[in-house]
Ligand SMILES: Nc1ncnc2c1ncn2[C@@H]1O[C@H](COP(=O)(O)OP(=O)(O)OP(=O)(O)O)[C@@H](O)[C@H]1O
Ligand SMILES: [Mg+2]
């Protein structure tokens, strides 16, 4: 049974209103509580460790929801998921994790996703992180994603964390084979004393493989952020890293993009900027009647959209 | 509509102060289109920014619709009906053309399309474009003017609206400005262009931060034209055009 709180959390992290159509698995406080497979999409619990296998057969199109919610304080949940997108399948996978920590002890979720996108398949993966709770207990999320993009496959990752998570270390590793394409969009907002770190390693192992890593963040309060995206091309690969941060108050942001070519055929670019909101942007919106706070809010929400 | 009394504006840099505007006394009436012209650096944009509240005058008073607004900030002045299309429009990462038009409009349920169309931009092509570096100089300038049209303020200042706009669209630009000028509003256009100066009721000439001339166009323009006669024309193969804004 889902409580009203559970439903509100699921809506936050997975845009779910009630039980979704299609295949899904809902994990709450360390246990799978609801699950359904669909034709060509099987979801089954792992036998030897916590977590699930999601197996999508070749050529299948559809949406899969696998959200996680934590509503208890003092809970530390570690989960291993294996996701297999069969060749030429086309799947929207909505993951995401919400923590509602009512108490004063830590609540923590470490999700390890191993994803294979087989030949010619398309995966769009969305992961939203969200934290709330009355208590002072910290909310911690440490996701790890290991992705294989096979020949001519396409994977798009959208990773979003807006407020509420005190501590996060995100680890993303991807290998892209010949003709494969990877696009990764990261959006992050931290405030108060929050900390966030994102390490990304993308290896373009095949020829004509491409990757685009776009990271946008806003650091407020005395929060701290570190980005370390690394892009390696072994052959004729093309890649682009773009890290863009708005820094405010007493926040600290470090951005360390790295590009690494092992072939003269590789084409890699990185750009990184950190800066406050440009005064001319605030002024323009104020001349249209917004207050300074409204203008700031509008610029930040647009920037993170 | 607007009265500027003994305005002075100074900028302070590390080691010195620069007097950008001094002893500005001007009255802008309802229903009139003004041109503000003058050499580069004469203080035209600074004057506009001071009316908008971006710069505070060092001394002097600004009276708008009968009330003193000198201490008011940008937002408050905008809410009372002052609008400014910037000489160098800001670019935003994350806002789209449709977003800025929506912010500008008092009733955002109105359609934002006509404003783009007025400025010669097809809404289908532009509404969803990001308002960032991917727009050309002419495009962002047109969107800036479209935003002012959408805002439709009672006192509107356009800072070199023709800059970067191709010759083809020039006629259209002057027509749009004239058409959108309500009888109960005041329009101030900052420009060096003869064709803009030709469409206004009154011309104000700024020189080195002071008002050097102010009057009806028909009286002031011949005097200005005299002083801006192109000095290159002796060797100019085209001859014919004797003015400093010769597009050649
Ligand atoms: N923020 C500032 N700090 C210092 N000096 C400034 C500042 N802004 C403008 N100025 C100076 O004030 C003077 C007037 O500038 P302003 O931009 O108003 O000129 P303008 O008449 O609009 O010129 P243009 O035709 O080139 O647009 C210039 O000498 C400029 O260098
Ligand atoms: Mg200027």
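The values are calculated or read from the model by the stated rules, or taken from the named source; none is laboratory data. Bear in mind the structure is a predicted one, so any value in this text is a computation, not a measurement. Cβ atoms come from the backbone with ideal geometry, glycine included; neighbour counts cover every protein chain shown.
Reported count of residues in the stretch B:136-176, each being more than 21 Å from residue B:51 (Cα to Cα) and within 14 Å of chain A (Cβ to nearest Cβ), is 2. Do we have any residue at all in the stretch B:102-123 that's surrounded by 14 or more Cβ atoms within 10 Å (Cβ to Cβ), at pLDDT 90 or above and within 16 Å of ligand 2 (Cβ to nearest atom)? Looking for residues that are surrounded by 14 or more Cβ atoms within 10 Å (Cβ to Cβ), at pLDDT 90 or above and within 16 Å of ligand 2 (Cβ to nearest atom), one finds none in the stretch B:102-123, hence no. Can you tell me which residue is modelled with the lowest pLDDT among those in the stretch A:127-151 that are closer than 19 Å to residue A:93 by Cβ and part of a loop (DSSP other than H, G, I, E, B)? The residue in question is A:143. The residues listed here are B:78, B:85; of these, the one that is more than 8 Å from chain A (Cβ to nearest Cβ) and modelled with pLDDT of 95 or more is B:85.
In this structure, does residue B:34 turn out to be at pLDDT 95 or above, in contact with a strand residue (DSSP E or B) (Cβ under 8 Å, 6 or more places away or on another chain) and within 16 Å of ligand 2 (Cβ to nearest atom)? Yes: the conditions hold for residue B:34.
If only residues of the stretch B:40-75 that are at the interface with chain A (Cβ under 9 Å from one of its Cβ atoms) and more than 16 Å from ligand 2 (Cβ to nearest atom) are counted, the one that is surrounded by the fewest Cβ atoms within 10 Å (Cβ to Cβ) is B:73. Counting only strands (runs of 3 or more DSSP E) that sit completely within the stretch B:25-98, those holding 3 or more residues that are within 15 Å of ligand 1 (Cβ to nearest atom) correspond to B:33-37.
For the stretch A:93-126, name all the residues that are within 15 Å of the chain's Cα centre (by Cα) and more than 28 Å from residue A:166 (Cα to Cα). Within the stretch A:93-126, A:123 is the sole residue that qualifies. Looking only at residues of the stretch A:177-203 that are part of a loop (DSSP other than H, G, I, E, B) and farther than 19 Å from residue A:265 by Cβ, we find that the one that is nearest to the other protein chains (Cβ to nearest Cβ) is A:191. Taken together, B:178, B:146, B:150 contain a single residue that is exposed (fewer than 15 other Cβ atoms within 10 Å of the Cβ) and assigned to a helix (DSSP H, G or I), which is B:178.
I need the full set of residues from the stretch B:182-200 which are surrounded by fewer than 17 Cβ atoms within 10 Å (Cβ to Cβ) and either within 13 Å of ligand 1 (Cβ to nearest atom) or part of a loop (DSSP other than H, G, I, E, B) (or both), in order please. Result: B:182, B:183, B:184, B:198.
Against the condition touching a residue at least 12 places away in the same chain (Cβ under 8 Å) and touching a strand residue (DSSP E or B) at 6+ places or on another chain (Cβ under 7 Å), how does residue A:287 come out, does it pass? I'd like the intermediate steps shown before the answer.
Working: touching a residue at least 12 places away in the same chain (Cβ under 8 Å): no; touching a strand residue (DSSP E or B) at 6+ places or on another chain (Cβ under 7 Å): yes.
For residue A:287, the condition - touching a residue at least 12 places away in the same chain (Cβ under 8 Å) and touching a strand residue (DSSP E or B) at 6+ places or on another chain (Cβ under 7 Å) - is not met.
For the stretch B:127-135, the criterion of being under 21 Å from residue A:281 (Cα atoms), free of Cβ contacts under 8 Å to residues at least 12 places away in the same chain and more than 13 Å from every other protein chain (Cβ to nearest Cβ) is satisfied by at least one residue. Scanning the stretch B:174-209 for residues that are more than 16 Å from ligand 2 (Cβ to nearest atom) and in contact with a strand residue (DSSP E or B) (Cβ under 8 Å, 6 or more places away or on another chain) turns up B:177, B:178, B:181, B:185, B:186, B:187, B:194, B:199, B:200, B:201, B:202, B:203. Has the stretch A:90-101 got any residue that is without any contact (Cβ under 8 Å) to a residue 40 or more places away in the chain, closer than 20 Å to residue A:193 by Cα and out of contact with any helix residue (DSSP H, G or I) (no Cβ under 9 Å at 6 or more places or on another chain)? Among the residues of the stretch A:90-101, at least one is without any contact (Cβ under 8 Å) to a residue 40 or more places away in the chain, closer than 20 Å to residue A:193 by Cα and out of contact with any helix residue (DSSP H, G or I) (no Cβ under 9 Å at 6 or more places or on another chain), which makes the answer yes.
Considering only the stretch B:207-226, I want to know if a residue exists there that is surrounded by 19 or more Cβ atoms within 10 Å (Cβ to Cβ) and at pLDDT 90 or above. Looking for residues that are surrounded by 19 or more Cβ atoms within 10 Å (Cβ to Cβ) and at pLDDT 90 or above, one finds at least one in the stretch B:207-226, hence yes.
Would you be able to say whether some residue in the stretch A:218-231 is over 19 Å from the mean Cα position of the chain (by Cα) and within 14 Å of chain B (Cβ to nearest Cβ)? Looking for residues that are over 19 Å from the mean Cα position of the chain (by Cα) and within 14 Å of chain B (Cβ to nearest Cβ), one finds none in the stretch A:218-231, hence no.
Looking across the stretch A:247-305, the residues that are modelled with pLDDT of 95 or more, buried (at least 17 other Cβ atoms within 10 Å of the Cβ), more than 24 Å from the chain's Cα centre (by Cα) and more than 10 Å from chain B (Cβ to nearest Cβ) come down to A:261, A:266. Which is within 13 Å of chain A (Cβ to nearest Cβ) and over 22 Å from the mean Cα position of the chain (by Cα), of B:91, B:96? Answer to the selection: B:96.
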